[in-house]
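Asker: After the structure tokens below, expect a handful of questions from me.
The values are calculated or read from the model by the stated rules, or taken from the named source; none is laboratory data. Worth saying up front: this structure is predicted, and the values here are computed from it rather than measured. As a convention, Cβ positions derive from the backbone with ideal geometry for all residues, glycine included, and neighbour counts pool all protein chains shown. Calculation scope for accessible area: heavy atoms of the full protein, side chains included, ligands and nucleic acids excluded. Shrake-Rupley method; radii C 1.70, N 1.55, O 1.52, S 1.80 Å.
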Amino acid sequence: MKKWLITGAVVIVLIGLGAWAIVSITPPPPKRCGTPGGPPITAPRIRLSDGRYLAYEEHGVSRQNATFKIVFIHAFSTFRRDAVIANRVRPGFLEKNGIYVVSYDRPGYGESDPHSSRNEKTLAHDVEQLADQLQLGSKFYVVGYSMGGQAVWGVLKYIHHRLAGATLLCPVTNSWWPSFPDSLTWELWNKQSKSERFSMLITHHTPWLLYWWNNQKLFSTTAVMQSSPNMFSPQDLALLPKLAARVSYKNQTTQQGTHESLDRDLIVGFGKWSFDPMKIENPFPKGEGSVHMWQGDDDRLVPIQLQRIIAQKLTWIKYHEIPGAGHIFPMADGMAETILKELLPIPQSS
């Protein structure tokens with residue numbers, strides 16, 4: 001009888017541990033905007049072909065009167081209101097130069113519905129459907145900042161025929177892209193902390209554990225998830241006061257839940273891609289448009305060495321390396337206008 005009691009107790013403990021493990025690794029359902037208990041819908045939205053809604057915000061001149069139409073794709077842990085190329089220019093700059101910018105919430109962010117199967121291809125088609133429903137015409141520009149670069153690479157691969165031009169602002173790179181030399185990726189890997197390495201391994205190989213990892217309290221996670229000051233360069237730290245305006249609305253960024261926004265961003269960015277960006281062909285072989293990449297050489301989040309490899313392999317990209325700049329250099333005075341003047345055929349004196 002005693003043996004059966006012990007066996008039964010062990011079984012109950014194992015069942016309890018199993019249930020606890022399942023609960024720990026299972027993210028809660030997202031709080032979709034407009035549903036009972038979810039955040040309110042405050043932004044204009046379009047409905048995509050799969051039934052999801054995408055929220056957006058418009059800047060500059062009207063679509064109908066614009067000479068240049070740009071889709072801006074936001075960074076990690078930001079959303080449509082953080083359109084640096086529209087918010088960090090002088091008053092009247094967009095209007096004077098006939099520039100229209102639409103920024104949108106990527107899936108799971110802000111007021112856009114989550115998409116549990118999103119990847120670099122679906123992100124590209126989200127951009128195309130947004131442009132079509134807003135009637136931006138057969139060709140338009142795209143600008144992607146940091147993690148927004150995953151969508152720009154998808155656009156360059158899958159809908160390049162719709163592009164008038166593109167800009168990548170310190171795009172997050174994936175060390176598993178096959179064209180990176182192993183010697184360099186191992187060198188950079190060995191420079192990372194153990195927690196950063198473990199986070200990357202989970203993200204790439206066992207993404208179903210990422211929600212648990214990012215929410216457990218026993219071990220350190222990535223610097224970006226902890227908003228560690230170590231991820232900022234001296235120039236970044238000097239620019240941080242320019243982000244003070246975000247305080248009033250930053251909670252809207254992940255209001256539907258962190259898994260379908262932050263976790264999903266990491267899973268797509270550092271997961272297994274369906275193509276190698278360094279094998280993409282020049283979308284403008286006749287020089288009818290241009291693709292730009294901007295990178296600070298003191299970026300503590302995106303290794304400069306990897307961006308240089310991309311620039312060497314994709315010689316059709318116009319590479320701009322900024323000495324002393326960190327990851328949030330687009331916030332610097334005059335930088336957004338410089339970026340736009342390089343992308344668009346507007347007078348340099350504007």
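Asker: Has the stretch 104-124 got at least one residue that is within 16 Å of LEU169 (Cα to Cα) and surrounded by 24 or more Cβ atoms within 10 Å (Cβ to Cβ)? Steps first, answer last, please.
Answerer: Step one: filter the stretch 104-124 for residues within 16 Å of LEU169 (Cα to Cα), giving none.
Taking every residue of the stretch 104-124 in turn, none turns out to be within 16 Å of LEU169 (Cα to Cα) and surrounded by 24 or more Cβ atoms within 10 Å (Cβ to Cβ).
Asker: Name the single residue, out of those in the stretch 292-350 being at pLDDT below 95 and among the polar types (S, T, N, Q), that is least open to solvent (accessible area, probe 1.4 Å).
Answerer: Step one: list which residues in the stretch 292-350 are at pLDDT below 95, which gives 300-303, 345-350.
If we keep only those that are among the polar types (S, T, N, Q) as well, we get 348-350.
Values: GLN348: 121, SER349: 109, SER350: 14 Å².
Applying the filter and picking the extreme gives SER350.
Asker: In addition: Take the residues in the stretch 215-240 that are open to solvent by less than 30 Å² (accessible area, probe 1.4 Å) and part of a helix (DSSP H, G or I); name whichever of them is farthest from LYS191 (Cα to Cα). Break it down into steps so the answer makes sense when it comes.
Answerer: Step one: list which residues in the stretch 215-240 are open to solvent by less than 30 Å² (accessible area, probe 1.4 Å), which gives 216, 221-223, 228, 231, 233, 236, 239.
Among the residues that remain, those that are also part of a helix (DSSP H, G or I) are: 223, 231, 236, 239.
On the way: ALA223: 14, MET231: 14, ASP236: 21, LEU239: 26 Å.
Within the stretch 215-240, the match that is farthest from LYS191 (Cα to Cα) is LEU239.
Okay, residues lined up against (1) modelled with pLDDT under 95; (2) among the hydrophobic types (A, V, I, L, M, F, W, C):
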{"residue": "HIS161", "(1), (2)": "no, no"}
{"residue": "THR167", "(1), (2)": "no, no"}
{"residue": "TRP177", "(1), (2)": "no, yes"}
{"residue": "LYS194", "(1), (2)": "yes, no"}
{"residue": "TRP213", "(1), (2)": "yes, yes"}
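Asker: Let me ask something additional. Can you tell me which of PRO181, PRO171, PRO107, PRO114 is in contact (Cβ under 8 Å) with a residue 24 or more places away in the chain and under 17 Å from ILE280 (Cβ atoms)? Steps first, answer last, please.
Answerer: On the way: PRO181 fails: under 17 Å from ILE280 (Cβ atoms); PRO107 fails: under 17 Å from ILE280 (Cβ atoms); PRO114 fails: under 17 Å from ILE280 (Cβ atoms).
It is PRO171.
Asker: On to the next question. Output the number of the condition that PRO283 fails; it satisfies all remaining conditions of (1) open to solvent by less than 50 Å² (accessible area, probe 1.4 Å); (2) touching a His at 6+ places or on another chain (Cβ under 8 Å); (3) farther than 22 Å from HIS161 by Cα.
Answerer: With respect to (1) open to solvent by less than 50 Å² (accessible area, probe 1.4 Å); (2) touching a His at 6+ places or on another chain (Cβ under 8 Å); (3) farther than 22 Å from HIS161 by Cα, PRO283 is out only on (3).
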